[in-house]
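**Student:** Pasting a structure below so you can have a look.
The values are calculated or read from the model by the stated rules, or taken from the named source; none is laboratory data. Source: prediction; values computed, not measured. Every residue, glycine among them, receives a Cβ derived from its backbone with ideal geometry; neighbour counts consider all protein chains shown.
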Amino acid sequence: MPAPQQDPATPASIGKNASEKSLNRITIVVPVYGDWASLRNCIAALIEHAPAADYDVLIINDCGPDADLMEAGVLGMIFGHPNFRYERNPVNLGFVRTCNRAAFELDRTSNDLLLLNSDTRITAGALDEMRRVLSLSERHAVVCPRSNDATIATIPFYQRDRFADRDEARTERVFAAIAPSLPRYYTTPVAIGFCFLIRRSLVANNGLFDEVFGLGYNEENDFCLRLNALGYSSLIANHALVYHVGSTSFGTEQRATLEAENSKILHARYPFYPAAVTDFINNEYAVLDRFADIITHPNGPGKKVLIDLHHLSLAFDGSTKNALSFLQFVAAEVDSATFAVTVAAPQDVIDFFDLRSYGLRVLAYGDIAEVFDVGIAIAPVTALGQITTLNRFCAKWVVSYLDVIALRSWGLRMLVPYKPEIVKASLAYADRVVAISDATLDDAVDFFDDLGTLRSRTTVLHQGSGVSVSVPDVVDFSPTITSACAAVITGGDYILVVGNAFPHKQVRPALQALSTINLPIIVLGGPDTARDFPQMHALPGGTLTDADVAAVYSGARVVVFPSAYEGFGLPIPEAAQFQRRIVVFDTAVAREVTAALELSEQVSFFSLFSELPDRVRVAYDSDAHTSAAAPSVRTLADYNRDFWGQVLETLDAPIDQAHLRRRYAAIRSITVVSEDFLQRTAHNLHELAEIKGSQKYRLSLTIARILGPVGRVVGRGRNPGSALQMRDVDRS
């Protein structure tokens, strides 16, 4: 808004280095409407912390319902304090017009202005620190302090208990513990209006509040953004603290109405504003600020655990089985009064697996907006969005590590070229790594040869069988099992080959080697490969129930597991659980698992596929059942219990603040640019899909194709497919 004429402001600080600048005098403006109790505390704090040598205080009565009582109380308190002054509006003007009157009519000095809500309480040193931050650069326009109730200036911004009241005592503890380690100030989209220190020269040149905002709300944001367009910044002074009662002038309904109406005006003027605030929240808080409440109260009640299921695909595969069994364990065994557990997964995964049926709190992956003591990645961290979420919201990590086949195999690696950096960062900065075998840990150390502390932070926990030992009748099989295959299962005494279509599973060479053996063969998990061997029966592993898999294992006489690369090799304990003979491709992992689970009687090894038929024949001609007792086989329940034990140890361990700083800085440097790129890519692909679906586009494309070469140019590369979501781009 245009600025009325007033005395020019010439602060001595402009153009000098911070060390040479003299601090400008401040006029503190306190508009008063009601709530004598909070106003009394406000004035008392100003009397104590705003000395006459540096501060003038202007208290303006805006003629609320108790204007006369407020006037008597104010005059009584400020009597004898010469730097305090009292004024009364002729009628109720509202906050916006009262502040403008103060700036252009009641205070004609060149002092900088501090607009202070009447429900605030200044603390020692806060005013001086705000003055110093304002004086550090002529580009500093507006400064606000930290508070217990001030949106993005609140400390702690994230509370462990998101429902807890933001009381002054908690803020005082957190501020005392964390503020000295925070940067002196943040550069923010806007400063918060409850305590709003403004460079007076900018008010003289650009006006103060636009009176279109009426009684208030968002007028201070408009002012900050108006100045920001001129190259001036708003700041939060992290070493200054002012308490704020909040929302004492309006009722809830009126406040919501004012906020909604004025937000429309603000967003119309500055469409980027919501994204700017989100970007500040996501990326600009220091890491100790993000986790301030957890750091200050490490042993507080209700420690929070986030179970990250970003990796789940919409199929009942091994990863899914592990994750869902862990949810079952947590729901059944973990005391919800002691630990607050939240499950985060993509919305399609939540719906497909009905994750809410487990009785745990479930959030869609993009809806996480709170901090957790520990984040758990059940499967390896491989996606940008996943590691970004863990970094932003989890003070400590427990990361599961399975294998690096997707990094060693260039065909898999090039599907997501940045994946090695994500995996490496997750292993480098996890507080605890859980590897599923010593062999796979050795492989990680070999692949990432500069992760010197990985072994010291890693615990090896062998997985176990998750297959149910109950076997249904053939009539209970899933529809995906054909009648011919069901007949083979019913007859029993067949060879079961376990794997999938990935080359390292070596299903094809195993089937080729076994093609001359005159025995019934079922292939579990590799239907596409098995189609080339019509005499064999294929089962799609991702569509079978646990009962189906149990029935298939139970009917087999020999289980063949030909995989060349595994982190653990679940088919080994699964077959052993049914006391079946197992023929396994000879790897360090297979040898380790066999020894660890004491399965040497059941397992035989082959290293050449020419050896496989003889190994299978020997196993087939042996006793159908081994003497090993099924209960001795390690189960997935054992693994889940041990894994949760690692989580408990991590929860109890103190936060290593130096490690936390390094982690946050490193991951942030990866994600800030990449995340924006992926978001823009997803948006552009969505727009392309909408364009492609439009009638105008189809008509243009038809015309272009009729025109020949021009049509080929227009049509080339225009197949964006269906609209993509952020996590789809991320996963790709």
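**Student:** In the range 141-179, what residues are part of a strand (DSSP E or B) and buried (at least 22 other Cβ atoms within 10 Å of the Cβ)? Steps first, please.
**Tutor:** Filtering the range 141-179 for residues part of a strand (DSSP E or B) gives 141-147, 154.
Result: 141, 142, 143, 144, 145, 146, 147.
**Student:** Next up: Would you point out which residue out of 398, 381, 445 is in contact with a His (Cβ under 9 Å, 6 or more places away or on another chain), β-branched (Val, Ile, Thr) and closer than 25 Å to residue 639 by Cα? Write out each step before concluding.
**Tutor:** Details: 398 fails: in contact with a His (Cβ under 9 Å, 6 or more places away or on another chain); 445 fails: in contact with a His (Cβ under 9 Å, 6 or more places away or on another chain).
After ruling out the rest, the residue left standing is 381.
**Student:** Every residue in the range 213-226 that is closer than 17 Å to residue 104 by Cβ and hydrophobic (A, V, I, L, M, F, W, C), please.
**Tutor:** 213, 223
**Student:** For the range 576-614, give me each residue that is touching a residue at least 60 places away in the same chain (Cβ under 8 Å), out of contact with any Gly (no Cβ under 7 Å at 6 or more places or on another chain), closer than 22 Å to residue 504 by Cα and of a type in the set (A, V, I, L, M).
**Tutor:** Of everything in the range 576-614, those that are touching a residue at least 60 places away in the same chain (Cβ under 8 Å), out of contact with any Gly (no Cβ under 7 Å at 6 or more places or on another chain), closer than 22 Å to residue 504 by Cα and of a type in the set (A, V, I, L, M) turn out to be 588, 612.
**Student:** Still on this structure, please answer the following. Could you tell me which residue of the range 311-336 is nearest to residue 376 (Cα to Cα), considering only residues that are in a loop (DSSP other than H, G, I, E, B) and modelled with pLDDT of 90 or more? Give the steps one after another, and end with the answer.
**Tutor:** We begin by selecting, within the range 311-336, every residue in a loop (DSSP other than H, G, I, E, B); these are 311-317, 334-336.
If we keep only those that are modelled with pLDDT of 90 or more too, we end up with 334-336.
Details: 334: 15, 335: 17, 336: 17 Å.
It comes out as 334.
**Student:** Taking the range 318-344 on its own, how many of its residues are of a type in the set (D, E, K, R), in contact (Cβ under 8 Å) with a residue 12 or more places away in the chain and surrounded by fewer than 16 Cβ atoms within 10 Å (Cβ to Cβ)?
**Tutor:** To start, the set of residues in the range 318-344 that are of a type in the set (D, E, K, R) comprises 321, 333, 335.
Those still in the list that are in contact (Cβ under 8 Å) with a residue 12 or more places away in the chain too: 321, 333.
With the extra rule that they be surrounded by fewer than 16 Cβ atoms within 10 Å (Cβ to Cβ), the set shrinks to 333.
Qualifying residue count, the range 318-344: 1.
**Student:** Could you name every one of the helices (runs of 4 or more DSSP H) located completely within the range 33-123 that has at least 1 residues being in contact (Cβ under 8 Å) with a residue 24 or more places away in the chain and not assigned by TED's automatic domain parsing to the domain that holds residue 242?
**Tutor:** Answer list for the range 33-123: none.
**Student:** Does any residue of the range 341-361 turn out to be in contact with a Phe, Trp or Tyr (Cβ under 6 Å, 6 or more places away or on another chain), within 18 Å of residue 665 (Cα to Cα) and in a strand (DSSP E or B)?
**Tutor:** Within the range 341-361, none of the residues are in contact with a Phe, Trp or Tyr (Cβ under 6 Å, 6 or more places away or on another chain), within 18 Å of residue 665 (Cα to Cα) and in a strand (DSSP E or B).
**Student:** Would you confirm, using the coordinates I've provided, whether residue 366 is within 23 Å of residue 457 (Cβ to Cβ) and not in a loop (DSSP other than H, G, I, E, B)? Break it down stepwise before answering.
**Tutor:** Values: within 23 Å of residue 457 (Cβ to Cβ): no; not in a loop (DSSP other than H, G, I, E, B): yes.
Answer is no for this residue.
**Student:** A further question on this structure: Name every residue in the range 274-310 that is in contact (Cβ under 8 Å) with a residue 60 or more places away in the chain, of a type in the set (Ser, Thr, Tyr) and in a helix (DSSP H, G or I), in order of residue number.
**Tutor:** Matches in the range 274-310: 296 only.
**Student:** Looking at the range 423-441, which of the residues that are in a helix (DSSP H, G or I) and either in contact with a strand residue (DSSP E or B) (Cβ under 9 Å, 6 or more places away or on another chain) or of a type in the set (Ser, Thr, Tyr) (or both) is surrounded by the fewest Cβ atoms within 10 Å (Cβ to Cβ)?
**Tutor:** To start, the set of residues in the range 423-441 that are in a helix (DSSP H, G or I) comprises 423-429, 438-441.
Going one step further and asking which of them are either in contact with a strand residue (DSSP E or B) (Cβ under 9 Å, 6 or more places away or on another chain) or of a type in the set (Ser, Thr, Tyr) (or both), we end up with 423, 426-427, 429, 438, 440-441.
Working: 423: 23, 426: 24, 427: 24, 429: 21, 438: 15, 440: 23, 441: 19.
Here the answer is 438.
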